[in-house]
Amino acid sequence: MSSGSQEKRADLARELRQFQGLGAAFFRAAATRMGLNATDMQVIDILESDGSSTAGQLADLTGLTTGAITGMLNRLEEAGLVRRERDPNDGRRVIVQLTRGKDDAQVIDPIFAPMAEAWDDMVSHYSDEQISFLLTFLTQSNTLSKRAIAHLRELPADKAESLSAPLGEQESGRLVVFSGVSRLIVRTSEVRSAFYQARFEGAAPDVKIKDEVVTIRYPQRLWLPGKEQRMADVALNATIPWHIVIQGGASEVVAELGKLHLAELKVKGGLSTIRLELPEPSGTVPIRISGGASEIIVRRPAGIATRAYLKGWASEFVFDDQAFSDVGNNVRLQSPDYESAPNRYDIEVSSSASMVTITAG
């Protein structure tokens, strides 16, 4: 292979990576315009392209858990953007489709229309043979991408490890997670007799329990996301209050804390995506996020008063029904009833991020 051919292949690989990155950036911008988050927008785009999908298929494509995708679909359905129906051929399956009424088209179509028109104009200059070639290339590329995503999420059973401990006499708990992990899920346990439960895939961490503290520490040797997949799914007892500290680099942190008694949550270190689904608070509950992230999404139950303090910088910052671009350096916002609310969240984001969303629903 000639050096010129190698350079062209390298240029093509770079352009493809940039194409994917710009697509993700477009989703974030479109989501901000619609008051949604990037994953919501991804689901809308999947349904726009495929016509319909099952909740399980959407969970596989987005990387969300079953509980998270159900919560998302609940919100999108309440907003009138999607509808769910029983599969007439299999009553156990639920089919998800876009709700395309006149009002919905007025919201969604203007966002995607300019890009679609630009694509149509560009393609109009190509011959039928060139279009056929591009169609084949993109179809095969999409197939390869789906396989790569599935490969990253699959792991042989012999590489998975499960741990747990009984609740005993603990009256509170503290979870501390150190060092790098590809994907960390923290959720509420459905087993009332268990202090905590955890499942790990990939390199196993060191797990210690002392008094009321569960410490999960991965090896501190050099770890690069994408080179080695480390997955952790940690479930916490819902009957006792928890202090949670997540420290160290990660590709994705997901906290599904719907029924947890949360006393405090701190997320530190460089991360790609942070998604926090918060429970009903008791008293003033501090949420502290620092260390840099690409996307930060914090969702609390409807009607819960919240104060948001953005100490870092964000390309897009959404607080409930308010949206800002290129903001930072001591931005303070709060719910109208925050000062008088007995149960509330105090959220501080001191990291820089492309997208920060703090909302209710």
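Points to keep in mind about this one:
- Only one entry of GLU77, GLU48 meets the criterion of being farther than 20 Å from SER251 by Cβ, modelled with pLDDT of 80 or more and part of a helix (DSSP H, G or I), and that entry is GLU77.
- From the list ALA263, ALA204, ALA194, ALA255, the one residue that fits, being at pLDDT 90 or above, over 24 Å from SER351 (Cα atoms) and in contact with a strand residue (DSSP E or B) (Cβ under 6 Å, 6 or more places away or on another chain), is ALA194.
- Index of the failed condition, THR62 passing every other in (1) loosely packed, with under 15 Cβ neighbours inside 10 Å; (2) within 18 Å of LYS146 (Cα to Cα): (1)
- Residue in segment 249-263 that is in contact with a helix residue (DSSP H, G or I) (Cβ under 8 Å, 6 or more places away or on another chain), outside the structural domain of LEU76 (by TED's automatic domain parsing), closer than 26 Å to THR62 by Cα and not charged (D, E, K, R) present: yes
- Test for VAL177: is it in a strand (DSSP E or B) and either modelled with pLDDT of 90 or more or out of contact with any strand residue (DSSP E or B) (no Cβ under 6 Å at 6 or more places or on another chain) (or both): yes
- ALA203 passes every criterion in (1) under 19 Å from GLU252 (Cβ atoms); (2) in a strand (DSSP E or B); (3) not hydroxyl-bearing (Ser, Thr, Tyr) apart from (2).
- Pairing residues of segment 75-97 that are in contact (Cβ under 8 Å) with a residue 60 or more places away in the chain with residues that are outside any strand (DSSP E or B), at Cβ distances under 6 Å and at least 6 apart in sequence or on separate chains, gives ARG75/GLY361.
- Out of SER162, SER132, one residue alone is over 30 Å from ASP211 (Cβ atoms) and at pLDDT 80 or above. It is SER132.
- Some residue of segment 326-346 being surrounded by 18 or more Cβ atoms within 10 Å (Cβ to Cβ), modelled with pLDDT of 90 or more, of a type in the set (Gly, Ala, Ser) and in contact with a Pro (Cβ under 6 Å, 6 or more places away or on another chain): no
- Assessment of segment 243-252 against the conditions (within 18 Å of PRO301 (Cα to Cα) and of a type in the set (A, V, I, L, M)) yields no matching residue.
- Selected residue (criterion: nearest to ALA25 (Cα to Cα)) from residues of segment 263-306 that are among the basic types (Lys, Arg) and out of contact with any Lys or Arg (no Cβ under 7 Å at 6 or more places or on another chain): ARG275
- Pairs, first over 12 Å from PHE317 (Cα atoms) in segment 341-361, second surrounded by fewer than 24 Cβ atoms within 10 Å (Cβ to Cβ) and of a type in the set (Phe, Trp, Tyr), C-beta under 8 Å, six or more apart: ARG344/TYR338; ASP346/TYR309; ILE347/TYR309; GLU348/TYR309
The values are calculated or read from the model by the stated rules, or taken from the named source; none is laboratory data. Just so you know, these numbers come straight off a predicted model, no measurement behind them. Don't worry about glycine lacking a Cβ; one is built from the backbone with ideal geometry, like all the others, and counts go over all protein chains shown.
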